[in-house]
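Written out below as structure tokens is the structure these notes cover.
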Amino acid sequence: MEQYALEQLKTIAKVSTTYNRLEITRRERLERWAESLERSPRPFLKTLHETEYQPMADRLALRDDDTPISVAFADPILRAAGMENDSYGEARRFFELSDEQLHDLVCFCHFGERVSAATVARRIRKMAAYNQGGLFARLRAFFG
């Protein structure tokens, strides 16, 4: 395979160094995460320790290899949609989850050292199906 510098490529082809971020809804991001977990070659993944007891800055930076969050970050569609890394804080931001919701998905206290990828996928699908706005938002949407 031949390699070229960016300036050389520009003489051969139209090269764009910018890209449009893939726009997908929260529900679609969660569904894609669940699908990624279901396709994971690792049936059991690591959990994160005591997320609820970590100071906020430490909690947001928590990460490890082979976690449910790292499976999401490995997915090219989720990265194209804007997932920037595999930290707890980035998963919370990107998937629009509360600390309690993310804690329920990845914390050691619920599963021990390892969690089944299929178990996390099922929990994520339940979260995706739930309308985040609550009862009043659903009623407002229903009645206009």
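The values are calculated or read from the model by the stated rules, or taken from the named source; none is laboratory data. Since this is a predicted model, take the numbers as computed values, not measurements. Cβ atoms come from the backbone with ideal geometry, glycine included; neighbour counts cover every protein chain shown.
Return the only residue of Thr25, Thr47 being within 17 Å of Glu113 (Cβ to Cβ) and hydroxyl-bearing (Ser, Thr, Tyr). If you could, list the steps in order and put the result at the bottom.
On the way: Thr25 fails: within 17 Å of Glu113 (Cβ to Cβ).
One residue alone meets the criteria, Thr47.
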### Message
Consider the stretch 28-46. How many of its residues are over 18 Å from His103 (Cβ atoms), touching a residue at least 60 places away in the same chain (Cβ under 8 Å) and more than 9 Å from the chain's Cα centre (by Cα)?
### Response
7
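Of these, Arg59, Arg42, which one is charged (D, E, K, R) and buried (at least 17 other Cβ atoms within 10 Å of the Cβ)?
On the way: Arg42 fails: buried (at least 17 other Cβ atoms within 10 Å of the Cβ).
Arg59 is the lone residue from the list that is charged (D, E, K, R) and buried (at least 17 other Cβ atoms within 10 Å of the Cβ).
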### Query
Is one or more of the residues making up the stretch 24-44 within 30 Å of Phe108 (Cα to Cα), at pLDDT below 95 and part of a helix (DSSP H, G or I)?
no
### Message
Cβ contacts < 7 Å: first residue at positive phi, restricted to the stretch 61-90; second residue assigned to a helix (DSSP H, G or I), any location; separation 6+ or different chain. Result?
### Response
Gly82/Phe94
